[in-house]
1. With the requirement that a residue be of a type in the set (S, T, N, Q) and not in a helix (DSSP H, G or I), what does region 148-164 give you?
2. Give me a count of the residues in region 307-333 that are at pLDDT 85 or above and either among the hydroxyl-bearing types (Ser, Thr, Tyr) or under 18 Å from the mean Cα position of the chain (by Cα) (or both).
3. Only one of (1) buried (at least 19 other Cβ atoms within 10 Å of the Cβ); (2) over 30 Å from residue 411 (Cα atoms) is not met by residue 322, so which one is it?
4. Let me confirm something: among 197, 171, which residue is touching a Ser or Thr at 6+ places or on another chain (Cβ under 6 Å) and either under 30 Å from residue 307 (Cα atoms) or part of a loop (DSSP other than H, G, I, E, B) (or both)?
5. Return yes or no: is residue 530 closer than 29 Å to residue 455 by Cα, buried (at least 16 other Cβ atoms within 10 Å of the Cβ) and either at pLDDT 80 or above or among the acidic types (Asp, Glu) (or both)?
6. Can you confirm whether region 159-171 contains a residue that is buried (at least 24 other Cβ atoms within 10 Å of the Cβ) and at pLDDT below 90?
7. Would you pick out the residues in region 379-419 that are at pLDDT below 90 and touching a Pro at 6+ places or on another chain (Cβ under 6 Å)?
8. Do you know which of the residues in region 400-435 that are open to solvent by 30 Å² or more (accessible area, probe 1.4 Å) and of a type in the set (Val, Ile, Thr) is farthest from residue 457 (Cα to Cα)?
Amino acid sequence: MKYPTVTIALVLSNAMTCDGLGMALSFRKTDMIGSSFVPKLERASSWSGGSTLNMLVQASGGMLELEEFLDSDKGVSKTVRKSPKLWKAARIATIPASLALGYSIVPSSKIAFSAAGAIASSLAGLIGRNKMKDLGGDAAWSAIAQCLVDDGISNAQATAGKILEIKDEFAVHPDDFTWICLNIYRKYLVGMLKYDAKPQGTDLEELESLKGILALDNLDVGEAHVLAAQDWQRACKFVTQEALEDEDCKERMSINKLFYLTERSLRQNNEPREAFTYEMSRTCNIFNTTIEEALVRVEEEVVGPFYARALKSSRSKLGTNQVSSIMLERARQTIGISSNSAKNLHENVLNDEVRSLLGYTNENESNVNPYTVTYPEGARERLEKLCKTFGLDQKEVYYEIVSEGMPLFSVVGLDVMKDAVSGGITPEEAWERIDQRRKELLIPEDKLDELVSTLVVNSMGTPLQDVKKYIDVNNEGAVYSSMMEVLQAKKIIEQLLKKSGWNGDFYKAFCNPNSDIESINSLMNSQQRKIVYELVTTRSMEGPDGKTGDELNEFTAEVQGILGIEEKQVEVMAIMNFGPKLDTVLRRAMLEIIEDYTPALLETLKKEVRDVISEYKINEGLIISSGRDLYQEALKNISDNVRIPLFMLSLISSYF
């Protein structure tokens with residue numbers, strides 16, 4: 001019986017191609033990654049930011065990719081994977097299998113063409129056993145994908161057994177079967193990149209399980225990652241370099257995810273350093289990236305944010321059996337985050353918890369009232385438990401409490417200090433309010449000196465700001481008045497410090513402009529402080545109410561201490577300001593003794609000179625210098641009487 005050539009062509013054109021002397025179904029390895037890189041909208045999974053310590057409920061991107069491939073799979077491979085018994089028959093007899101395939105390939109509405117095709121194939125011997133091997137590989141590929149979709153990868157041992165059965169059913173050569181499995185892994189990995197640019201908590205577990213199910217070794221996995229990288233590089237070929245430099249670019253995020261999954265897969269396989277470097281560099285080179293740059297991107301853009309999301313979830317589950325230090329340690333080892341990065345993230349979570357307990361929210365930073373906010377009951381215990389779970393030292397708790405509590409404490413503390421300085425409340429009442437606020441904010445007692453020091457600097461810094469403001473405009477009267485307010489504030493604050501048990505040196509603690517910590521006079525430079533000192537001390541001696549003696553000495557010492565004037569600077573200014581006064585007193589004494597010397601007059605003049613020296617803190621060097629000059633002058637004026645200059649010398653030398 002003969003059949004028209006056109007009839008045979010129509011029948012066989014559904015799934016056959018010409019090959020040499022016969023016809024066979026085409027099996028192209030390039031078809032293995034033939035699906036589109038644009039995910040179907042109804043299947044695309046979205047990143048929910050959920051816990052990374054538990055299995056995620058959203059579908060795996062790898063599984064979605066396999067499903068999409070199976071949906072697009074048509075032709076003989078689809079028919080055979082649905083009827084594996086048909087393939088077994090083909091292994092026994094080529095021609096009967098050809099006949100059966102002819103009926104199976106064509107829809108039932110075209111029975112005539114199916115029969116004609118089968119007869120033509122059997123008579124012409126167009127499907128040989130070598131072509132059946134190609135068809136078996138194509139069908140095995142689809143059958144493996146279907147098995148993974150149907151059975152999943154959670155029960156690796158059972159699924160692995162079924163995969164081996166597929167290998168036997170379709171009589172695929174071991175090397176060919178390994179290549180097919182490698183490409184299944186490759187497609188699965190591409191799906192992970194396509195459907196979600198951010199890592200999921202089960203990504204590494206899925207790849208490790210898939211590796212075992214498909215019986216791939218380390219070299220196979222390395223090759224699959226390189227092939228997946230090539231696929232993804234082609235998918236991103238229309239993305240500009242400028243876009244890929246943006247950390248929020250989805251394509252960049254997917255590439256980073258590929259670097260991360262490759263790095264983790266290779267390290268978890270315990271590859272030697274040389275082997276890791278070789279395999280990792282192959283993947284990186286596809287994207288023109290060095291291993292060092294890729295690992296930095298993994299740490300900063302993938303692992304860090306990934307672990308931060310896990311910690312956020314862990315914080316919400318604190319106190320339950322769903323999170324523990326052991327679980328977090330296991331998570332760190334799995335994702336490969338460095339110890340320093342993990343510690344920094346733990347501290348950030350601790351800070352978030354402290355702020356949350358105080359009532360802060362990300363949306364509104366001003367919703368906390370510094371006068372009334374307090375920690376809820378059990379807050380300290382919760383923070384200590386968080387530290388224990390996250391492997392932090394307890395001192396980290398106190399550091400965060402102080403860091404967040406200080407601004408709140410300072411608002412109340414400064415208001416209380418101002419009330420005390422203005423006379424609204426007593427220093428005792430001020431201290432009671434300050435200490436109570438400290439307790440409400442859980443600030444440790446050993447931080448009290450630091451807290452009080454901050455309050456002192458801020459409360460006294462305000463009136464000193466007025467001093468600087470007036471010195472800048474040469475308003476001497478206002479400078480003097482503002483300085484008097486500073487001295488009054490100091491006295492009240494010293495009483496408050498005494499009540500708190502503080503026993504330090506006020507000037508060294510708060511008035512040293514050369515100190516590493518902030519001082520109350522830091523707003524003024526050295527020259528401005530000298531001007532204020534000279535102006536205030538000189539003005540304090542003027543008028544009928546001018547200060548003298550011990551009162552003046554005490555006043556000038558206090559001004560000197562607050563302004564941070566060094567002793568040498570005081571001496572220099574004394575010479576400049578009070579040297580003329582000493583010279584005037586000594587000269588008058590010299591002339592009066594020369595005119596009318598008496599022992600009583602000598603004692604009177606000596607007392608006047610001593611008072612001036614004591615009152616103005618005139619140093620010995622100035623006294624010697626002035627006395628020497630006056631002695632020489634006296635010798636010239638009274639050359640005929642040696643006795644009087646000797647008395648003058650006795651007078652001057654008695655002051656030394």
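The values are calculated or read from the model by the stated rules, or taken from the named source; none is laboratory data. Please read these numbers as outputs of a predicted model, since none were measured by experiment. Note: ideal-geometry Cβ built from the backbone for every residue, glycine included; neighbour counts use all protein chains shown. The protein model used for the area step is the full one, side chains on, heavy atoms only, and it has no ligands, DNA or RNA in it. Shrake-Rupley method; radii C 1.70, N 1.55, O 1.52, S 1.80 Å.
1. Let us first name the residues in region 148-164 that are of a type in the set (S, T, N, Q), namely 154-155, 157, 159.
Within region 148-164, 154, 155 meet the criteria.
2. Going through region 307-333 one residue at a time, the tally reaches 13.
3. With respect to (1) buried (at least 19 other Cβ atoms within 10 Å of the Cβ); (2) over 30 Å from residue 411 (Cα atoms), residue 322 is out only on (1).
4. Numbers: 171 fails: touching a Ser or Thr at 6+ places or on another chain (Cβ under 6 Å).
Answer to the check: 197.
5. On the way: closer than 29 Å to residue 455 by Cα: yes; buried (at least 16 other Cβ atoms within 10 Å of the Cβ): yes; either at pLDDT 80 or above or among the acidic types (Asp, Glu) (or both): yes.
Here the answer is yes, as residue 530 does meet what is asked.
6. yes
7. Correct list: 398 only.
8. Looking at residues that are open to solvent by 30 Å² or more (accessible area, probe 1.4 Å) and of a type in the set (Val, Ile, Thr), I get 426.
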